[in-house]
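Read the structure below first, then the notes.
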Amino acid sequence: MNPPATAPDHAIVVEDLSRHYGPFRAVDRVSFHVERGEIFGWLGANGAGKSTTIRMLCGLLQPTSGDATVAGHRISRDPEGVKRSIGYMSQKFSLYLDLTVEANMEFFGGAYGIPRRPLRHRMEEIVGLTGLAEYRGATTGQLPGGIRQRLALGCAMLHRPEILFLDEPTAGVDPVSRRDFWRLIRRLAGEGTTVFVTTHYMDEAEYCARIGLMVDGHLVALDDPAGLKRVHVPGRVLDVRGEGLVAALPTAREVPGVMAAEPFGAGVHVRFDTGTCDDARVLGALREGGARVAGAEPVEATLEDVFLAVVARGKEWE
Amino acid sequence: MDTRMLWIQLVAVMVKEVRQTVRDKRVMFLLLVMPLVQLIVFSYAVNFEVDDVPTVVVDRDDSAASRRYVAGLLADGTLTEVARAGDEGEAERMVEADVAKAAIIIPRGLSRDLARGRPAQLQVVMDGTDPTRAGVAAGAVSRYFGEVALDLALERLRIRDAALGTTTRVPGVRMEPRIAYNPRLITAVYMVPGIAAMLVLMITTIVTAMGLAREREMGTLEQVLVTPIRPAVLMVGKLAPYVVVGLLDVALAVTVGAWVFEMPIRGDLTFLFGATALYLMSTLGIGLFISTASTSQQQAFMGGFLFILPAVLLSGNMTPIHSMPDWLQPVTWLNPLRWYIEIVRGNLLRGAGAADLWPQLVILAVMGMGILVVASMRFRKRVV
Ligand SMILES: Nc1ncnc2c1ncn2[C@@H]1O[C@H](COP(=O)(O)OP(=O)(O)OP(=O)(O)O)[C@@H](O)[C@H]1O
Ligand SMILES: [Mg+2]
């Protein structure tokens with residue numbers, strides 16, 4: 001796919017990376033690169049192989065085959081070099097629940113070999129950045145989910161890593177905390193840190209400069225959000241509100257030029273090719289199918305639409 | 001990687017380990033209160049002091065002299081008469097039926113034989129299921145009759161001297177069986193070294209066994225492993241605090257032993273702590289080994305327990321090694337506990353040092369090194 005480039009502006013270069021468990025291929029011959037300073041989204045359904053990919057890139061898991069260069073270090077030859085240059089937030093919270101916020105920071109700072117004074121100073125910075133000031137002395141296990149995730153991020157960046165790997169950093173976090181968290185991620189990226197992030201929230205994926213989409217261990221799509229939408233969900237999307245819409249979807253799908261008609265939120269989304277079809281024909285078909293249309297307006301395709309389209313195609317291709 | 005960085009990492013691991021331990025009330029209890037309680041309970045409960053052995057008496061001689069002997073035998077309280085029997089057979093049946101633990105059989109003509117200086121035979125039947133007790137009881141009997149025989153011999157000499165008008169100088173020898181090093185046979189004094197060794201084993205082995213398993217179970221190991229910390233640094237940092245705990249526990253045992261049980265401290269304590277450090281290599285190594293073989297804390301705890309139980313039973317502390325079956329005795333060679341107990345006893349009770357105890361020291365050092373090397377190799381593999 002991508003040329004095995006080791007250009008200086010590539011933070012991560014992945015070449016034919018695979019991880020098998022017996023006959024099962026959790027990650028199957030994946031190749032891509034991540035540019036320096038970008039927020040790179042790594043999406044996929046449950047079990048698609050996202051965490052497995054991250055764990056290989058962090059030097060936690062041996063690839064079955066293939067290799068990768070992370071921050072200029074080969075994961076096969078120089079895992080220690082990789083570890084010095086990256087920060088990692090695992091999917092499962094993995095700081096010491098029985099220690100205080102400060103004690104966790106002190107431990108991980110020490111584990112990265114940061115001397116006492118610089119560490120003190122850095123901890124001040126992190127505490128300010130992540131808004132943890134009032135929780136310093138609190139036992140980690142007693143913190144709410146959102147605060148814990150901020151602490152985990154803080155611990156992962158104590159040593160000013162070039163690259164941050166964040167595996168579902170906002171899973172199970174309330175919407176306000178999620179927004180704050182992403183504000184932080186964008187700020188870090190703005191300051192030059194490369195962020196490699198997985199998420200299940202498609203609204204978050206919109207923040208990514210580029211997105212790789214995994215289906216069953218394969219990388220099936222890679223582009224910026226706009227490009228993904230253009231390629232995978234072309235045409236015009238009409239958001240229709242009313243009653244009895246879902247029952248009328250099969251009728252709408254019969255219309256020539258209609259590429260997809262799916263329930264979406266309280267209404268339905270119908271996507272069609274503007275060359276062969278128009279709004280009136282779509283709405284007519286829905287009424288014909290027994291629906292009472294209360295309103296309709298064109299909307300931007302979402303990454304959710306992309307995701308559904310790609311996963312559906314991935315399943316067919318299987 | 002420069003040494004400064006290694007040092008920072010090592011200190012970070014040790015500090016973290018201590019913080020976690022101090023914050024864990026159960027572990028603190030295990031480390032500090034349990035040893036005290038066990039030390040005191042064990043020392044009192046495992047009572048090796050032999051007293052009141054129920055005894056059946058068969059007096060076939062039935063003379064004034066034999067009655068005096070029986071009374072004398074029972075006088076010191078080691079043996080207590082619980083029954084009389086007419087003959088040997090009856091007495092043995094009573095021992096078998098557990099009415100008595102010992103039988104003293106005084107044959108017909110004993111007093112006459114003793115008076116004439118002829119060899120006299122006296123039979124003592126013991127219930128051997130409790131070797132320590134049996135040994136002490138038999139000792140009490142022979143000691144008493146030894147004294148009786150000596151008295152009689154001296155008396156006859158005096159009579160002869162008086163008759164012949166001579167003076168025979170008898171060297172002032174008097175057989176006085178003395179139990180060396182623990183004259184009053186105070187069990188606690190004998191037990192404290194063993195209990196100290198046991199405590200150190202239990203605490204250091206189980207806590208280290210569970211340490212790595214806990215990190216794996218909680219997922220924290222994964223976060224540690226993305227740091228550039230080396231397995232060796234992680235391992236040393238995790239073990240070092242427990243070396244201190246082990247030494248403290250030994251100090252605690254020695255203090256309690258000396259204070260509460262009047263245990264003598266005849267040896268050099270620096271030597272004792274050095275030997276303890278050697279012993280800790282084995283106990284920590286075994287703990288580490290178990291932790292590399294377990295995926296959960298529960299497994300690690302069970303593993304620790306499965307090692308500790310036979311180690312304690314085969315240490316020679318509860319059952320003397322020479323009373324174990326022949327095939328089992330060589331197994332105790334592999335038991336670090338055995339060698340350490342020998343060192344502690346030798347050092348505290350006899351004042352022995354390296355000149356005396358070097359074989360035990362060498363065995364402990366070799367064993368400890370071996371276990372630690374194997375365990376750390378496994379640790380490296382499991383961790384990377
Ligand atoms: N140690 C293992 N042994 C066998 N199969 C494994 C192992 N680890 C992961 N897998 C399988 O590999 C596949 C990919 O797992 P992975 O954790 O990478 O998925 P994911 O994309 O991160 O999913 P999620 O969104 O649930 O986190 C899953 O089907 C998982 O069951
Ligand atoms: Mg995952």
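The values are calculated or read from the model by the stated rules, or taken from the named source; none is laboratory data. Just so we're clear, the structure is a prediction, and the values are computed from it rather than from any experiment. In this analysis, Cβ positions are derived from the backbone assuming ideal geometry, glycine residues included, and neighbour counts consider all displayed protein chains. Note: accessible area is taken over every heavy atom of the protein model, side chains too, but ligands, DNA and RNA are not part of it. Shrake-Rupley method; radii C 1.70, N 1.55, O 1.52, S 1.80 Å.
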Subset tally (residues that are away from ligand 2 (no atom under 13 Å from the Cβ), farther than 16 Å from A:R210 by Cβ and away from every other protein chain (no Cβ under 14 Å)) for region A:20-60:
8
State whether one or more residues within region B:369-376 are touching a Gly at 6+ places or on another chain (Cβ under 6 Å) and within 20 Å of B:V189 (Cα to Cα).
no
Selection from region A:29-58 of residues open to solvent by 20 Å² or more (accessible area, probe 1.4 Å) and within 16 Å of ligand 1 (Cβ to nearest atom) yields A:R29, A:A45, A:N46, A:G47, A:S51, A:T52, A:R55
Every residue in region A:72-130 that is farther than 29 Å from A:V14 by Cβ, open to solvent by 50 Å² or more (accessible area, probe 1.4 Å), facing chain B (nearest Cβ under 9 Å) and part of a helix (DSSP H, G or I), please.
A:R116
Look at region A:244-263 and say how many of its residues are closer than 22 Å to A:R313 by Cβ and open to solvent by less than 60 Å² (accessible area, probe 1.4 Å).
7
Please find, within region A:62-71, the residue that is farthest from A:S90 (Cα to Cα) out of those that are open to solvent by 30 Å² or more (accessible area, probe 1.4 Å) and outside any strand (DSSP E or B).
A:T64
Search region A:130-155 for residues that are on the phi > 0 side of the Ramachandran plot and pair each with any residue that is open to solvent by 30 Å² or more (accessible area, probe 1.4 Å) and of a type in the set (D, E, K, R) when their beta-carbon atoms are under 8 Å apart and the residues are at least 6 apart or on different chains.
A:G131/A:R150; A:G131/A:D180
Before we move on, is A:L158 away from ligand 2 (no atom under 16 Å from the Cβ) and either assigned to a helix (DSSP H, G or I) or open to solvent by 30 Å² or more (accessible area, probe 1.4 Å) (or both)?
no
Just wondering, is there one or more residues in region A:177-188 that are within 30 Å of A:G128 (Cα to Cα) and touching a residue at least 60 places away in the same chain (Cβ under 8 Å)?
yes
Search region A:71-91 for residues being touching an Asp or Glu at 6+ places or on another chain (Cβ under 9 Å) and among the hydrophobic types (A, V, I, L, M, F, W, C), and hand back the single one that is farthest from ligand 1 (Cβ to nearest atom).
A:A71
Given the structure, is B:V192 in contact with a Leu (Cβ under 8 Å, 6 or more places away or on another chain), at pLDDT below 85, of a type outside the set (F, W, Y) and closer than 21 Å to B:F273 by Cβ?
yes
Helices (runs of 4 or more DSSP H) fully within region A:164-243 counting 1 or more residues that are open to solvent by 20 Å² or more (accessible area, probe 1.4 Å), of a type in the set (V, I, T) and closer than 23 Å to A:I126 by Cβ
A:175-190
Mind telling me which of the residues B:G211, B:G194 ends up being more than 14 Å from chain A (Cβ to nearest Cβ) and either open to solvent by less than 30 Å² (accessible area, probe 1.4 Å) or touching a residue at least 24 places away in the same chain (Cβ under 8 Å) (or both)?
B:G194
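Conditions tested, residue by residue: (1) within 16 Å of ligand 1 (Cβ to nearest atom); (2) touching a residue at least 40 places away in the same chain (Cβ under 8 Å); (3) farther than 26 Å from A:V258 by Cβ.
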residue	(1), (2), (3)
A:E191	no, no, yes
A:V197	yes, yes, yes
A:G212	yes, yes, yes
A:V220	yes, yes, no
A:A226	no, no, no
A:V240	no, yes, no
A:L245	no, yes, no
Odd one out for B:L247, checked against (1) away from every other protein chain (no Cβ under 14 Å); (2) in contact with an Asp or Glu (Cβ under 9 Å, 6 or more places away or on another chain):
(2)
Here are the criteria: (1) over 22 Å from B:T227 (Cα atoms); (2) in the same structural domain as A:G128 (by TED's automatic domain parsing). Tell me which single one A:Q149 does not satisfy.
(1)
Output the residues belonging to region B:103-121 that are modelled with pLDDT under 75 and open to solvent by less than 50 Å² (accessible area, probe 1.4 Å).
B:L114, B:G117, B:A120
Test of understanding: among A:T276, A:T251, which residue is touching a residue at least 24 places away in the same chain (Cβ under 8 Å), not assigned by TED's automatic domain parsing to the domain that holds A:E162 and not in a strand (DSSP E or B)?
A:T251
